[in-house]
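The values are calculated or read from the model by the stated rules, or taken from the named source; none is laboratory data. This structure is a prediction, so every number in the text was calculated from the model and none was measured. Counting neighbours? That spans all protein chains shown, and the Cβs are built from the backbone with ideal geometry, glycine included.
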Amino acid sequence: MTRLVRIPMYFYIDHEERALDTPPEVKRTKRHVWIDRDHPFVAELLSDARYYQDTLGFGNEWHGLCHSARATVRAIENSSCED
């Protein structure tokens, strides 16, 4: 059984465009992507999101990405509590 988690599109696309290991999308809307929480590349996505969530002090140009990263971390971590 696939366990899906909904994450923000903004951070997902940024992560993917930097040619990092990215879990494939299962579903997409205008603002969100659903991924399989158990895919091996989720660990890389989560690690990257944790880095960016802690960089809010970098300035306004990173503001949206940092908030999207923070929401990505929350979504993935909260989905692991639903077992």
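Listed values, structure above:
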{"quantity": "Exclusive hit being among the small types (G, A, S) and on the phi > 0 side of the Ramachandran plot, set A19, A43", "calculated": "A19"}
{"quantity": "Residue list for segment 13-30, filter: over 19 Å from C66 (Cβ atoms) and of a type in the set (A, V, I, L, M, F, W, C)", "calculated": "A19, V26"}
{"quantity": "Residues located in segment 1-30, provided they are among the hydroxyl-bearing types (S, T, Y) and surrounded by fewer than 12 Cβ atoms within 10 Å (Cβ to Cβ)", "calculated": "T2, T29"}
{"quantity": "Selected residue (criterion: nearest to P24 (Cα to Cα)) from residues of segment 40-67 that are among the small types (G, A, S) and modelled with pLDDT of 95 or more", "calculated": "A43"}
{"quantity": "Test: A71 is buried (at least 16 other Cβ atoms within 10 Å of the Cβ), modelled with pLDDT of 95 or more and among the small types (G, A, S)", "calculated": "yes"}
{"quantity": "Number of positions in segment 10-25 that are part of a helix (DSSP H, G or I) and touching a helix residue (DSSP H, G or I) at 6+ places or on another chain (Cβ under 8 Å)", "calculated": "5"}
{"quantity": "Segment 32-54 residues that are in contact (Cβ under 8 Å) with a residue 40 or more places away in the chain, paired with ones that are assigned to a loop (DSSP other than H, G, I, E, B) (beta carbon under 7 Å, 6 or more apart)", "calculated": "R37/R3"}
{"quantity": "Test: A19 is more than 9 Å from the chain's Cα centre (by Cα) and farther than 21 Å from W62 by Cα", "calculated": "no"}
{"quantity": "Scope segment 26-40; condition under 11 Å from the mean Cα position of the chain (by Cα) and either among the aromatic types (F, W, Y) or in a strand (DSSP E or B) (or both); matching residues", "calculated": "H32, V33, W34, I35"}
{"quantity": "Every residue from segment 31-54 that is surrounded by 13 or more Cβ atoms within 10 Å (Cβ to Cβ) and closer than 15 Å to S68 by Cβ", "calculated": "H32, V33, I35, L45, L46, D48, A49, R50, Y52, Q53, D54"}
{"quantity": "Tally, over segment 12-44, of residues that are in contact with a Phe, Trp or Tyr (Cβ under 6 Å, 6 or more places away or on another chain) and hydrophobic (A, V, I, L, M, F, W, C)", "calculated": "2"}
